Every structure is written in C-alpha cells, then in structure tokens.
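FYI, it's all coordinate maths here, none of it is from the lab. Because the structure is predicted, anything quoted here is derived from the model rather than measured. Backbone-built Cβ (ideal geometry, glycine too); neighbour counts: all protein chains shown.
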Amino acid sequence: MALPKRPIRSSNENSANDDIVSQEFEGDVSLVTSPENEFLDLTPEVVGLDLDEASTKEDGHYNIPARRVAIVQEKKDTGPSVLEQAYKKMGEITVDQAINEPYEYYAHLGEGIINTVQYIQDLLTEQGRSEQVGKARRERGSKLFKEMSAEIDRLVLRRINNGDYAVAPQDVKYFLAAVNNEILGFGPLEPLWGSSLISEVIVNGPHEVYVEIKGQLTLAKGVKFQSAEHLLTICQQMLGLVGRRVDVALPYADGTLPDGSRFNVIHQVIAPHGPLLTIRRFPDTAFSLKKLVEVGSMNEDMAEIVGNLVHHGVSIVIVGGTGSGKTSALNALSGCIPNGDRVITIEDTVELRLNKKKHVASMQSRPASPKGEGAVTIRDLVRNSLRMRPDRVIVGEVRDASAYDMMQAMNTGHEGSLTTVHANDANGAVERISLLVSEAGEITPERALSLIAGGVDAFLVIKRYEDGSRRVKGLYEVPSTLASRDGKLYLEPIPLWEFVQDSSDTAEKVEGHYEEMNKMSESLIRKHSLDKRPHLSLDDLYDLSDVPLEQEVIPTITVKTD
C-alpha cells in the first residue's frame, strides 16, 4: 500500500452518518476513518458495494462511507468479518522497512507497544485463551493463527478508539503489526520472515541485528529490541516451541523452529551486552543440480562429472566451513541417485528434499528432554539404518562418533552413500573424520585412516568466497591405500579438478574457471565400473535431480546504503 495522497471529505455532505474523512491510496483502496478514529482498509468489493455505489471515484480511487461498512458488517453472519479483513490488510511491516528504515522512525511507539502487548496478553489470559495463543504460535498460517491475529488487531483498535492509548493515524499500521508480532510471532524479527532471500539472522544484543542476504551480512536498521529483557522474552518464546528455556543454570540452548530453521540462544549471564541469538533459516526451495549451476556454485562441466559419479555409486563426502552451502550441495547430489535405489536419510533437521519418485525413508535425531531423557542421536540412527536394507545412506552431517558408523556403512556394501563434514579443505577433512572416528572407541589413527580410504571415494570441497558466493572449490579423489612417509602412514587426497580464480578478481565479484589437475585413477574406475556404465547427459541429470515444487514468488530486497 502506498502512502496517503491527500485527505478529502466524503462526497455525501448531507448526512451526519457520512461525516467521515477518507485518505486515498494508490489503487482501488481507501483508508477510511470515522470521527471515533476507527480505521478500515477496504475496497468497494470487500464491503459488498457495486462500484457505482461507492460515494466518489477520482482517477481510480474510491471513498466508501463508514455507515456502508457498518451495515454490511451487521448483515454478515458467516466467515471473517469485514473488520477482520480490514485489520489483516493493515497490520504489516515489510522486510524492506525492517532492513532499510531507521528504527528511530518508530522508536516513539516502543513503550506503547510493550504496554499494549501486556494489556492484550492479560486480557486473553482472563478470557482463558492462553492455550490458543500458544497453539497459534506453533501453527503459523493455520485458521487458528489467522483468527487469533484478527482478534488481537480488534482488541488493539478498541484500546486506541477508547482513548486508552493515543496513536497517530500514520502510525496505526505499524503499531498493529508490532503488537501482533510480539504476541504471535518473533517480535521485531518477524518481518524478516517475509523473504526467503534472508538465509541467516544474527542478533548481537538488543540493539544490533544483522541479516545475511546472498552471502553478505547487512545491518537491519529497522530492527531493535526495547531492552535485553525484551530480547530474552522473544528467545524464550522460540525455545518454548521446543520445550526448552535458558536461565542462569543452563545459559545456552539450541532449537529448531516449526519451519525447520535452526537457532541458538545465549543468556545474558554469559553475554555482557545482552542475549545472543543466531538463526539459520530453512530454505524455501530445494537445491537441485540445475539450481547449483544457475547460482554459480559450479559450472556445467563440473555438474556433469559429479552427477555421474553419484549416479554410478561413488561415495562422496562434501566438505566445507560454516555457511558454505554443504547442505544445498548434498541435496543436489542426492537427486542424482537412481530412482530405484532405496535411500535412508538421517538428519538433525529435516532439510533434504528429494523427488517423490525416489525410494526414500527419512529419520531425524531427537535431543534429550529437559530431564536428560529420550535422546536419539545421529549415531543411533546410522546403526539402525543398516538393518533397514538401504542401498545408500545419506547423513546430513557427521560431527561425532557417528563418523565411525558412517565409514563402516560405506565399507560394507552401501556404496554411493553421501554425507558432509565441517572442514576447510580435503586434507582437513581427512584429519577431521579421523578424529571423529577415534571418538567411537579404541581405534588407532592408522585404523581410522584405513576406514576412510576404504569407504570414501572422493571429497567435494565447497568454499564461501569473499563476495559471498558459495561454489565448488575442488573435487578430490581419496586413495584406496595408505602411503608411508618416514615410517608413518598417511592419506593424502588427490586433486582431480580445482577452481582457479582469475587474477582480475575483486572482493566484489569472484570469477574463475575449473582446471583438471589429475586423471581419475584406474582403481576407482574399476571399483565402480565407471568405464562400462552409460554416461548420463547434463539434461538427464537435471531431470533426475529436479524437485517439482509449487511456484514460489520471492520478493526482492534492495539494501539502501548511506
């Protein structure tokens, strides 16, 4: 909705009932106010008027008498009321506002928002609706959520109309949304859920919030909390969705939001400048092989090479640091598995989305209850998966002794299995997996290296570059035998292809090309009969890994710089 163009009087000056002021907006929408400051965001169609019944038409704008709205509302017996529809149109803070508009624009509303939130919460509690509020928080987008949201807007407007709290007309829309977000959403952070382009939200105390957009961190100028206590309240609401909380005794906690986003909370008892909150958003779209090529994570040649390796049963570990895009790459490569293979996926948070034509069984780990009971670990699930007749096992990430069980699976007939590990490069991945395998018990370093050499065929290394882009840094073959140097056994991955940056690169735009460093070994080719299997074209791989989803409209975000 655009800002008001100009205030004008109602066209019918003869009736006291029509004594209103209406403010015109772009499009067939008017914000109509009665003398009692009752705000309605309506079109002629919403109130059931034919266009010629609307009191005035000027350049595509309509002014609707308030009495008409009241009459229509009284006659409407079913479905959401006109007022409810109007309130829901008004209560909105856009993601552009949250990122670009300085908080100071609305800072004067802060105390009123907090007081009104407390008033509404107390009122809903008196009405015995606390459980409905909690359920609505957990079920975003549900009928109950919409009903509670409309009811909160109604109560807020009644409080304003009664003169309990004065809000300027131009601030009502923001005020309504802010109160609603505090009660049913994530407070000042709620508008940031308006775009899937935001992949991460980082809160450094009550007055500093950053968002990651296309790999770059940006300060959200319009997002601040009233105090450390306010921020902690929102953190506790998030944790409450998963039955947890933070306090002095246990000052940190992790959780997963209903949409799959992962978050971490640090209590201010160990954070001197206020609670710390980090949220990694769950992507709204599944990454296919074609999508990785389109966003520049790899070129077509690399996609064709890696896609065929996965299709023909080469076991690959995806390697990368935090936020490098390991899970996106894992999803894309998983799509290249033949539809006839039985696949078991194991994750902390269910993020993999494979084509429904594939034979997939998914399992998810479970943290312990607040009493320390009922935990189901990734390692538990990996060991159990081997009893489920899998052709391939896919583990979201190995970060503990589950690495031992994953290596065992890769060594015992489950070729073509996939996982990810946190490391910066291929050599670091060997060290990391070796260390994790040794956590499983009395396993010597040589034994750990032998398990890696026997199970893992290749490392696909992903890197996040200076410009925020995430791309394949290189493809490395893992030798099937250990080498000896100075009487010590070691395992050194062999680079097959590596991304080479152009000398003209700048921090704003990283460009380069892939260079073939070595040929694939004969032992790896023989192990998987790669020279005897049909080579799939890139289009075949695209079709195989495609994940049909409903068309998504992603709003664009323009970050304004000072």
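Spacing of the modelled spin labels on Asn427 and Ser521, each 7 Å from Cα toward Cβ, amounts to 1.8 nm. Under a point spin-label approximation (7 Å from Cα along Cα-to-Cβ), what is the Leu241-Ile202 distance to one decimal in nm? So the label points at Leu241 and Ile202 sit 2.2 nm apart.
Relative contact order of the stretch 91-284, taken over Cα pairs closer than 8 Å and 6 or more residues apart, is 22 percent.
Counted residue by residue at 0.36 nm each, then reduced by the alpha carbon distance between them, the extension gain from Asp540 to Asp254 reaches 98.9 nm. Note on Asn162 and Lys371: their simple-model spin labels are 4.3 nm apart, each label 7 Å out from Cα toward Cβ. Among 376-388, 511-523, the peptide with the highest mean count of other Cβ atoms within 10 Å heads the list, and the full ranking is 376-388, 511-523. With the largest listed first and rounded to whole Å, the semi-axes of the equivalent ellipsoid of the stretch 213-323 from the Cα gyration tensor are 38, 17, 12. With R₀ set to 60 Å, the beta-carbon distance separating Lys146 from Lys488 gives a calculated FRET efficiency near 0.35. Residues whose amide H falls under 5 Å from that of Ile346, counting only those 5 or more places apart or on a different chain, are Met363, Ile394, Val395, Gly396, with hydrogens built in the peptide plane. Applying 1/(1 + (r/R0)^6) with r as the Cβ-Cβ distance of Glu111 and Arg383 and R0 = 51 angstrom yields a FRET efficiency of 0.40. Highest average first, the peptides 449-460, 287-298, 208-219 ordered by how many other beta carbon atoms sit within 10 Å of their residues are 449-460, 287-298, 208-219. For the stretch 289-545, the Cβ-based charge dipole about the Cα centre amounts to some 1080 debye (Lys, Arg positive; Asp, Glu negative; other atoms uncharged). When you work out D = kT/(6 pi eta Rh) for the stretch 91-284 at 25 °C and 0.890 mPa s, using the Kirkwood radius from C-alpha pairs as Rh and the Stokes-Einstein form, the result is 143 µm²/s. Exceedance of the 23 Å cut-off in Cα-Cα distance is limited, within the set Lys224/Lys291; Lys291/Lys358; Lys291/Lys532; Lys290/Lys356; Lys135/Lys357, to Lys224/Lys291; Lys291/Lys532; Lys135/Lys357. Applied to the stretch 119-134, the Karplus parametrisation 6.51 cos²θ - 1.76 cosθ + 1.60 on θ = phi - 60° returns per-residue 3J(HN,Hα) values of 4, 5, 4, 4, 5, 5, 5, 4, 7, x, 10, 4, 5, 5, 5, x Hz, with x for Gly and Pro. Computed packing ranks the peptides 348-358, 484-494 as 348-358, 484-494, most packed first, by mean other Cβ atoms within 10 Å. In the P(r) worked out for the stretch 270-378, what percent of Cα pairs fall beyond 16 Å? Roughly 68 percent, rounded to a whole number.
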